[in-house]
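The block underneath contains the structure these notes are about, expressed in structure tokens.
The values are calculated or read from the model by the stated rules, or taken from the named source; none is laboratory data. In this text the structure is predicted, and so the values were computed from the model without any measurement. As a convention, Cβ positions derive from the backbone with ideal geometry for all residues, glycine included, and neighbour counts pool all protein chains shown. Accessible surface areas use protein heavy atoms only, side chains included; no ligands, DNA or RNA. Shrake-Rupley method; radii C 1.70, N 1.55, O 1.52, S 1.80 Å.
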Amino acid sequence: MFSAPDPGLLRLRVSTRAVIGVGLSVAAAELAGLSLTASITAGLAALLALFTVQDATVRRQVVTTALLPLAGFPVLALATALHEHPLPRDLAFLLVVFCGAYARRWGPRGHALGIFAFMQFFATQFLHAQPSQLPELYAAVALAVAASSAVRFGAWCIERRTPPPAAPAPLTGRRLARPTTRQAFQVTAACAFALALGQLLSQERWYWAVGTAWWIFVNTTARGETLVRGFRRVLGTVAGIAAGLLIAVPVAGSPAPTAALVAVCVFGIFYTAAPSYSWMMFFVTVMAGLLYGLLGVLHPGLLLLRFEETAVGALGAAVAVAVVLPVTTHGTTNAWIQRALHCVRACTADAARRLAGDTAADPAPRVAELELLLGRVRHTLAPLVHPLSPLRARKARARQVIALLDDCARLVRALASVAADPDASHDARLAAACWRVEAAVEALVSPGAEIEGPPVQPVQAPAHHPGAEAALSHLHELEQALAELATPLRTSPRAPVVSA
């Protein structure tokens, strides 16, 4: 958590800003004379607005933030109206779950709006809100969005100088072949399972199981990622419950200490979200205990129930990813690897054209795209290289794949750097070397396919320019790395490179 890289102290600044934004939102609700329930709603809405909106540009972030109430208000009305009618309420909740997960197909904006809508229904159950409270809940959400936006886009717009990291385009498909569509059905099945078992444990706190199942699927695409995330959520919850017994129970809802500790938890949620999901869940669990203390219902038995509901939700997620339209780690990882290899080939071709004198060819954007694609490869392979993974042979193959792809990225960066040199010259050997790289990529992504040979060129005396010699060296090493990739990638069906 503390040793993870934080270039430009970005996580520190974003976390500090979140504390200010959430604190200002709660203060605005209190100054407006709203109830405790509405003030907590305002704090949660501000936290979500600051946490979930991750569009690529500030303008898009502003639009998405402005749309949050449009997604949340109808859900709040539905949840409060059905709060005392269990069966319609449960069916409506599952509908919100499906729509919220399905919205991820529209990228960061759909992702943020789906989460916000889900959490408005969840918050209504958490706070036991009634229809008579709906006007002040609307006011609380509106104040929270306005206050958090004033901090994020006005007083401290970090994203204007440090834009959020870009993300590669998601894997696509049609109908049930689209990963986001399959996941929508998985999430709904997991939440239905969690809802049924959660209500057997408690008719009042069953929503914790549904919330666990929902959040386990956030930012995951394959079965292995989901299972590891479920394990980390349970681990963080257990640690948070232990801390809650030592912190939240003694505080017992005292306003000043509770406010200070909640601020620490908000900071911890934002600061640890990227490097450690377990630590993030630790802070979420402690904060939940503090809010229960503020509502006057906290006791040790409630924290134990929190763990049981979390375990039920994690079990529901595990069952859903294994049974309902499973998206395997093997298939997802291979898709990202193929995209990365195609990017290597395109970058090599652009570099060759640049060295041949085509000033319009620029491999730099391809290099940036390759870094993003390799990030997705590492993310999907993370379950296999996890220290607790029992699949030693597959772990070794996965590590070999990551190491060789990292070598490819290093060599492509070096090749692009050489190509950017205006004095670098071209000789006939570069065309043949680039063709060999393209052939090596084609052999990996389409085994057995035949591609046309390099164009026949007259024999020329080598230029012996330092730029050309360096480019040839990088191309030769790149060809070797691609050849070595064939060993871990070309495995028999009984022993796949990666599989969950």
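A few remarks follow.
- Full extension of the chain between Gln130 and Glu204 gives 25.2 nm of extra length, using 0.36 nm per residue less the Cα-Cα distance.
- Multiplying the residue separation of Arg60 and Ala356 by 0.36 nm and removing their Cα-Cα distance gives an extension gain of 102.6 nm.
- Full-extension gain in nm, Leu9 to Arg174, via 0.36 nm per residue minus C-alpha separation: 55.3 nm
- As computed over the range 198-305, the Cα convex hull volume per residue (Å³): 92 Å³
- Taken over the range 287-350, the alpha-carbon convex hull comes to 149 cubic angstrom per residue.
- Accessible-area value, Leu201, 1.4 Å probe, nucleic acids and ligands omitted, Å²: 80 Å²
- Dimensionless Rg ratio for the range 354-443, taking C-alpha atoms and the 2.2 N^0.38 Å reference: 1.38
- Only protein heavy atoms count here; under a 1.4 Å probe, Arg410 has an accessible surface of about 110 Å².
- Computed from the C-beta positions of Gln338 and Ser35 and an R0 of 35 Å, the FRET efficiency is 0.05 to the nearest 0.05.
- Annotation: the range 110-207 has a Kirkwood hydrodynamic radius of 17.3 angstrom, from the mean reciprocal C-alpha pair distance.
- The range 277-405: equivalent-ellipsoid semi-axes (sqrt of 5 x gyration tensor eigenvalues, Cα, Å): 45, 20, 13
- Here the translational diffusion coefficient of the range 49-119 follows from Stokes-Einstein with Rh set to the Kirkwood radius across Cα pairs; for 37 °C and 0.692 mPa s it amounts to 262 µm²/s.
- Cα coordinate range in the range 313-366, projected on the principal axes (Å, largest first): 59, 17, 12
- Geometric descriptor of the chain, per residue, is 156 Å³ (volume of the convex hull of the Cα atoms).
- Annotation: Ser446 carries an accessible surface of approximately 40 Å², with a 1.4 Å probe and no ligand, DNA or RNA atoms counted.
- Size descriptor for the range 37-191, Kirkwood hydrodynamic radius: 16.3 Å (Cα pairs only, one decimal).
- With N the number of residues in the range 222-276, Rg(Cα) / (2.2 N^0.38 Å) evaluates to 1.39.
- For the range 101-142, a Kirkwood hydrodynamic radius built from all Cα pairs, placed in the Stokes-Einstein relation at 37 °C and 0.692 mPa s, yields a translational diffusion coefficient of 289 µm²/s.
- Acute angle (nearest 10 degrees) that the helix 107-127 long axis makes with the longest principal axis of the chain, alpha-carbon atoms: 20 degrees
- Placing R0 at 41 angstrom, the Cβ-Cβ distance between Val297 and Leu95 gives a FRET efficiency of 0.90 after rounding to 0.05.
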